[in-house]
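Visitor: Questions regarding the structure given below will be posed in turn.
Every read-out reported here was derived from the displayed coordinates using simple, explicitly stated rules and does not represent laboratory data. Please read all numbers here as calculations on a predicted model, not as lab measurements. Please note: Cβ atoms are built from the backbone with ideal geometry, for glycine as well, and neighbour counts cover all protein chains shown.
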Amino acid sequence: MAARKRAREAEQNNDPTVDKMDEDDSSSGDDDDEPPSWVLTRSRVFFSRQDMDIVNVDFELFNYDAEIDFHGVKTLLRQLFDADAQLFDLSGLSDLIVEQNTIGSTCKVDDKANDAYAFLTVLNLSEHRAKAPVAQLIAYLGERAAKAGGAAAAAVPGVLAALDTNVVGLVLAERLLNMPAEVIPPMWSMLVDEIEAAVEDGEPYGFTHYLVVSRTYYEVASSLNSEGSERRQKKAREEASLQYFHPEDEEIRRHAAAAAAYPFIKEVESADSKRAFQEMGIKPAGFMMLIEAGKFQDAVKAVGDYVGSAT
C-alpha cells in the first residue's frame, strides 16, 4: 500500500538518508529493456524512465503548499477547463485546492519549490457548495450533463441537486501534455490512501459518489482539407470518434455509472491557437464521469493495471 504523505511528511523531512537512498535505488540500472518503474517512499514517488538516449528524470509527489503551488495549479486548471476556463473563479478554486494540503498531490521535477507538472485532488462539493468557485462548478457541470444527454443527463444533475444527502467528491486532475502516463497510477493510489486516512481521522471525505472532470477530443473533418466535398466533410463530422487526452480516462469510464463528453460553452470564442486544433481535425471537449464510491478503488486499480500493461 502506498505511503501516506499526510502522516509522514514531517518524518521524511527530518530523515536526511531517505532522499538519497531512494533516489539511488530509483535511478540505478542501465538496461534499456527494463520497463519504466516507480518507487514509493514514505512521502513521495520517484519515477525513472530511460528510452534509448533520453536522460532519466525523477518525478516526485508532494503535498500542496499554499505558498508555492497556487500559480502552477491555476495554470493546469486553465488547461483542464480549456475554452470555458474564463467562466470560473480559477484563483478561488486554486486557493481551495492548495489549502487542502493533506489530500491529493502535485508532481514535480527537481525541487518542491518548482511549479507542478501535474496535479490531482478531490474536493467535497457538499462541504464547499456555498463557496462561489464551487457553486459555479456545480451549476456548470449539472447544465453540461443535461446538454450532453444520455445517462449523464439522467444521473449527474440529480446527484448534484441532492448534496444534502449525497456526498460528492469532485476529482480534478491535469498534467502537461508531454508528461508520461506512468506517473498517474501512484498519484491515484496515494489519493485513495489519503482519503481512507482522512475518513479514519473523522474528516469529511466519506463520499457516496465521485465526479471526475477531464477533457477529451473528437477527430473531425479538417478545414484545411480543401479537396474533400461538402458531403464527405459532413459525414466525417457525424462519425467523429471520441479520443482521450488522458488514456486512463478510458479505463475509469468502464467503472462509471454515467459518463459524457460535452461541448464547451465558449469554444466559438477560443483564441486562434485553440481553433488551430479543430482546423487540423481535433475538436476539444469537456468530459465527466460519475462513479459510485464503492467502485472507485476498483477504477483506480484498473488504471494502474492498464498503464502498466501499456508500457
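Visitor: How big is the dipole moment of segment 51-174 about its Cα centre under a simple scheme where the beta carbon of each Lys and Arg is +1, that of each Asp and Glu is -1, and everything else is neutral? Debye, nearest 20, please. Spell out each step's value before the answer.
Guide: Numbers: 8 positive and 19 negative charges, 151 e Å.
Charge dipole, segment 51-174, about its Cα centre: 720 debye, nearest 20.
Visitor: Set the Förster radius R0 to 51 Å, insert the Cβ-Cβ distance between residue 147 and residue 109 as r into 1/(1 + (r/R0)^6), and round the FRET efficiency to 0.05.
Guide: With a Förster radius of 51 Å, E is 0.85.
Visitor: Using 0.36 nm times the number of residues separating residue 89 and residue 132, minus their current alpha carbon distance, what extension gain do you get?
Guide: Length difference between fully extended and current span is 14.7 nm.
Visitor: Taking 25 Å as the cut-off for C-alpha to C-alpha distance, list the pairs among 147/283; 74/266; 266/301 that go past it. Each step should come with its number before you reach the end.
Guide: Details: 147/283 17 Å; 74/266 19 Å; 266/301 35 Å.
With Cα atoms farther than 25 Å apart: 266/301.
Visitor: Still on this model: Does segment 52-183 come out rounded, prolate or oblate, given a ≥ b ≥ c as the square roots of the eigenvalues of its C-alpha gyration tensor, rounded meaning a/c under 1.5 and, failing that, prolate meaning a/b above b/c? Don't skip to the end; give the middle numbers.
Guide: On the way: a/c = 2.25, a/b = 1.73, b/c = 1.30.
Since a/c reaches 1.5 and a/b is larger than b/c, the shape of segment 52-183 is classed as prolate.
Visitor: Show the residues, 5+ positions off or on another chain, whose built amide H is closer than 5 Å to the amide H of residue 117.
Guide: Those qualifying (amide H under 5 Å, at least 5 residues apart or on another chain) are 107, 108, 109.
Visitor: Starting from the Cα-Cα distance between residue 242 and residue 305, subtract it from 0.36 nm times their residue separation and give me the gain in nm to one decimal.
Guide: Here the answer is 20.4 nm.
Visitor: Could I ask something else about it? Quick check: pseudo-label points 7 Å beyond the Cα along Cα→Cβ at residue 176 and residue 199, how many nm apart are they?
Guide: Reported label-point gap for residue 176 and residue 199 is 3.5 nm.
Visitor: First select every other residue whose beta carbon is under 15 angstrom from the beta carbon of residue 153; then total the charges, Lys and Arg +1, Asp and Glu -1.
Guide: +1
Visitor: Quick check: net charge around residue 164, other residues with Cβ under 13 Å of its Cβ, Lys/Arg +1 and Asp/Glu -1?
Guide: My count for the surroundings of residue 164 gives 0.
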